[in-house]
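The values are calculated or read from the model by the stated rules, or taken from the named source; none is laboratory data. Source: prediction; values computed, not measured. Note that we place each Cβ from the backbone using ideal geometry, even for glycine, and neighbour counts take in every protein chain shown. These area figures cover heavy atoms from the full protein model, side chains too; ligands, DNA and RNA do not enter into them. Shrake-Rupley method; radii C 1.70, N 1.55, O 1.52, S 1.80 Å.
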Amino acid sequence: MSALPHTAPSATAPELHIASMVVHATPRRLPDVRQAILAIAGAEIHGASDTGKLVVTLEAPSTDDMMARISEIQRLDGVQASALVYQHADTLDAMNEEIDDGNGS
């Protein structure tokens, strides 16, 4: 009877998850919502309107962390609605890989 060699569990490569979303806040609560979003790790606001719409990007190291950050935004007092616009996940190595732009640079 032969035993299979013991192998240590393989460590998964570090990942980066990126998402963008549109958040609609009550206009009078907009300053508070903006402040709360900016306090979330990996969150940035790239645009805002006086009507309460915000363009937000999020970065997180895992799916679970990303979902927690999206849920946190959705639960903020003053947020009426949110819509996920884009989501991408890959290993950090793949995200940092240089891509040839076709012009030799």
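Determine the per residue accessible area of region 21-70 with all protein chains present and a 1.4 angstrom probe, expressed in square angstrom.
Details: 2710 Å² over 50 residues.
The answer is 54 Å² per residue.
Considering only protein heavy atoms and a 1.4 Å probe, what is the carbon-and-sulfur percentage of the accessible area of region 25-105? Display every interim value, and only then the final one.
Numbers: 2590 of 5440 Å².
Of the solvent-accessible surface of region 25-105, carbon and sulfur hold 48 percent.
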| request: For volume of the Cα convex hull per residue in Å³, several values are listed as (1) 175; (2) 98; (3) 162; flag the one computed from this structure. | output: (1)
| For helix 63-74, what angle does its Cα long axis make with the longest principal axis of the chain, in degrees from 0 to 90 and rounded to 10? | 10 degrees
| Estimated dipole of the chain in Debye, rounded to 20 [Cβ of Lys and Arg +1, of Asp and Glu -1, Cα centre] | 720 debye
| remark: Karplus ³J(HN,Hα) for region 78-86 (6.51 cos²θ - 1.76 cosθ + 1.60, θ = phi - 60°; Hz, whole; x = Gly/Pro) runs x, 7, 8, 7, 8, 9, 6, 9, 8
| field | Positive dipole terminus of the chain, leading residue within 14, 102, 55 (C-beta point charges) | value | 55
